[in-house]
Amino acid sequence: MKQAAFGEEHPHRSPREQLLGPVIDAIAQTMDLYGANYSFGQLYGVMFFEDKPMTLEEMKQVMNMSKSNMSYGVRSLIASRMVTKLPEKRERKELYAAETDFFEAFRNFFTLKLQREIDMMQEAMGAGVPGLQALAYAADTPEEERQACLRDLEKLKHAAEYYVWLQRFVSGLAEGVVFGGERGSTGEEGGV
């Protein structure tokens, strides 16, 4: 069972913190769905609701994690641009703050993840396609093998088209123009 950052396991937390527990857990579960470590998702959730930057020691106290795990988690969140290391310090300790704009956090997280997928697949396809082409058109390739290579090349051509489309999507996401309008503008009324 995954440990909650706030909630029943921590009865000494304020009523606000107890109410935020399920939201922080949902943030962690959501990030876990997309390949981020659940504990790091919790850490992001805790930092998201913090009204001030946090030190590693403060995070450690809230999360009940070792300082080395906490440091690794913070570095991971910095790499995904969900957390920023601030230039100022508090009592000679580094300060960190979460990105609290969900649109910006989404954009940062997914552009990095999707760009990594694109780069990895394009590199693999770029390495594999020439060999398949050479094998498909070699005079001594058996016909059954030739036909299998041609089918594979057709599948990879389709995949390449997808990755061109995905690159346009990621570029638009990075530039903030994917949804065609003001950030967060869905055309719907209401909210929290």
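The values are calculated or read from the model by the stated rules, or taken from the named source; none is laboratory data. Given the structure is predicted, the values throughout are model-derived calculations rather than measurements. We place every Cβ from the backbone using ideal geometry, glycine too, and count neighbours over all the protein chains shown. Surface accessibility is based on the protein's heavy atoms, side chains included, excluding ligands, DNA and RNA. Shrake-Rupley method; radii C 1.70, N 1.55, O 1.52, S 1.80 Å.
Of the labelled options (1) 45, 37, 32; (2) 75, 43, 35; (3) 44, 39, 28, which one gives Cα extents along the principal axes in Å as computed for this structure?
(2)
By how many degrees, 0 to 90 and rounded to 10, does the Cα axis of helix 38-49 deviate from the longest principal axis of the chain?
Tilt of helix 38-49: around 50 degrees.
Considering only protein heavy atoms and a 1.4 Å probe, what is the carbon-and-sulfur percentage of the accessible area of the chain? Please report the intermediate quantities before stating the final value.
Values: 6890 of 12540 Å².
It is 55 percent, rounded to a whole number.
Report the net charge of residues surrounding E99, where surrounding means a beta-carbon distance below 10 angstrom and charges are Lys +1, Arg +1, Asp -1, Glu -1.
Details: positive: R81, R107; negative: D101, E104.
Its environment carries a net charge of 0.
Once you've got the Cα coordinates, tell me which of K52/K85; K113/K157; K60/K85; K52/K93; K67/K113; K67/K93 are over 18 Å apart. Before the final figure, lay out each step's value.
Numbers: K52/K85 13 Å; K113/K157 22 Å; K60/K85 16 Å; K52/K93 14 Å; K67/K113 26 Å; K67/K93 13 Å.
In this structure, K113/K157; K67/K113 lie more than 18 Å apart at Cα.
Please state the relative contact order of the chain as a whole percent: Cα pairs under 8 Å, 6+ residues apart? Working shown, then result.
On the way: 177 pairs, mean separation 24.7, N = 192.
It comes to 13 percent, rounded to a whole number.
Enter the accessible area per residue of the chain (Å², integer; probe 1.4 Å; all protein chains in place). Show your work: numbers first, answer last.
Numbers: 12540 Å² over 192 residues.
The answer is 65 Å² per residue.
Nearest 10 degrees, 0 to 90: what angle lies between the long axis of helix 67-79 and the longest principal axis of the chain (Cα atoms)?
In the chain, helix 67-79 runs at an angle near 60 degrees to the longest axis.
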